[in-house]
1. With a ≥ b ≥ c the root eigenvalues of the C-alpha gyration tensor of the range 60-148, is it rounded (a/c under 1.5), prolate (a/b larger than b/c) or oblate?
2. Taking the Cα centre of the chain as the origin, how large is its charge dipole in debye, to the nearest 20, when only Lys and Arg (+1) and Asp and Glu (-1) carry charge on their Cβ atoms?
3. Amide H of ALA280 versus every other amide H placed in the peptide plane: which residues, excluding those fewer than 5 positions away on the same chain, fall under 5 Å?
4. At a 10 angstrom cut-off on C-beta neighbours, averaged per residue, how do the peptides 525-534, 53-62 rank from highest to lowest?
5. Just name one of ILE343, TYR325, GLN168: the one whose Cα is farthest towards the positive end of the charge dipole of the range 124-455 (beta-carbon charges, Lys/Arg +1, Asp/Glu -1).
6. Check which residues have an amide H placed less than 5 Å from ALA491's amide H, if you skip close sequence neighbours.
7. Taking neighbour counts of Cβ atoms within 10 Å as a proxy for exposure, in what order, fewest first, do ARG365, ARG415, ARG25, ARG277 appear?
8. How far apart, in nanometres, would the label points at ARG488 and GLU327 be if each is projected 7 angstrom from Cα along the Cα-to-Cβ direction?
Amino acid sequence: MRMKDLIACLRFEGDLKDDSKVAHRVINHNVQASDNGAVFNGRDSYLEIPSSNELNFGREDFTIAAEIYTEEHLDDVIGDIVSKYDEASRKGFNLTVKHHAGVVSTQSNYRNVHFGIDDDMVPLWQDCGRAGNAVVIAALAVYEGKLYAGTYEPGKDRGHVYRYEGGQEWTDLGSCDKSNKVSALAVYQGKLYAATQKHDGHGSLLPLSQNCNPGGSVFRFEGQNNWIDCGRVCEADNLLSLVVHRGRLYTSPMYTKGIYRYEGGKEWSKFPSPDSRLFALAPYHGYLYATANRLELLKPNVTHAGPDGDPDVQKVVGTDGVYRYKEGIGWEGCGKQDEETQIYASVIHKGQIYVGTWPHGTVFRHLGGDKWQNCGRLGNEEEVMGLNVYNGRLYAGTLPTAEIYRFDGDGQWKRVGRVDWTPDAPLRRALSMVVYQGRLFAGTLPSGRICAMEVGKSATYDYELEPGWKKICAVKGRINLKLFVDGRLVASSTEFDRKEYDLSNEETLKIGFGQHDYFNGKMKNLRIFNRALSEKEILEL
């Protein structure tokens, strides 16, 4: 291996220096040096190297290699490994461990490694088909190299789980419950879990369901069409969310108050919760966050026209905004979001938590304490449900026209496409989002279809990255991107013309921070080469 191609070498063995021949100046932001790697706290610590000719790769090839350590039980997302990205020009690259929950109901990406490049490329959309007879794609999640969808089915049918096979093909994995909706998905202890719901369609102005079987149960996928019943959660017949926090699985009901924790077998225990209806659950910076909506009970046989109601049960009469929980502290209120009455999805972008709202179709960013910044309305939309970070940018899906918008900063949102074109539909939703095989997927209502968008190029490791020390290597080659884990090729991007990608920018090289979050773990032996290493060289490395 030619060491003259090594343009950055940070061993992190007792210091934070660059030992390469270039000897870059390293600016430290609260990173702790140790004899066994640099320690990144996941909150505010990262390293910066000022932009230089050596690190401005332009159209040329390069390789990034690092050893990273992550804990098994997390109370935070994992975050970025290395980033050099200019938001204004949308030029540069990002290498991150994507770890998203709170995509309304689902833990969409769990410990997936993503490597992406962009040079202000135009979004390219693809119709990925309809999942069976679905009317609503309620949940999308990556598990063991495949994409899974949970659905709401019309008429007398049950909710199903489907697996994506490419093109427009979906394999039906059966109905885990008798209810009409699979509302949430999450990966927990190496298995895929699904939560169910009794949904009438009223809130989305859909025909009322003829399937009145209760949901409220959680199931574990064991392959084929084999679903193991993990128990009914309390008396709830409508579960909304699933999330893993500090090594435990949690769920919350759709129309009643409370949070429940899985104890194994078919046992669930009631977990402390605020006095509110909870939507999205997500771990972030040591806390379990929950978006909340206060309830008022209705008398029997009273129907209301709210955007998310269940007739004869209850209605939303205001919001409690967002709460967070930490062991030893309990629940704290994190403030409200102007005049919004329903707070839906949450996502972590650039180290801060963002939430989507109704009825003004607005996204808010948490500034700490009870302070929130209005980040702008998405066109004339009324609701934001799908939120996700893809290849360096924040994207959001909307109601009533199922548009996808990209956040361009300073309150600016750019429309990048529509994903549901059902004629004469009173409401259309871009409800669920996930990143898979280098693309951003969005699930819809009422077409029950899934669309995917590619912007720039990405190589995504669509498996759960195991805890402990792992060797990550990202290669930008002549025609594609490649990702290696422990010396093994695990993902490649689609092919590209290198002439179309000039990654030059004046941003600093950030280590342990980027467009997702501050890195939460340890890092050592970070090396950057100004060429694409071969598979043999990567094994030697």
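Just so it is clear, none of the values below were taken in a lab; they were calculated from the coordinates. The structure displayed is predicted, hence computed values, not measured ones. Every residue, glycine among them, receives a Cβ derived from its backbone with ideal geometry; neighbour counts consider all protein chains shown.
1. Working: a/c = 2.25, a/b = 1.27, b/c = 1.77.
Because a/c hits 1.5 or more and a/b fails to exceed b/c, the range 60-148 counts as oblate.
2. In total the dipole reaches around 360 debye.
3. Close amide H contacts, sequence-distant or interchain: THR291.
4. Working: 525-534: 20.2, 53-62: 16.3.
Descending packing order for the listed peptides: 525-534, 53-62.
5. Ranked along the dipole, the leading option is TYR325.
6. Those qualifying (amide H under 5 Å, at least 5 residues apart or on another chain) are LEU483.
7. Details: ARG365 17, ARG415 14, ARG25 11, ARG277 26.
Fewest-to-most ranking of ARG365, ARG415, ARG25, ARG277: ARG25, ARG415, ARG365, ARG277.
8. Output for this residue pair reads 3.2 nm.
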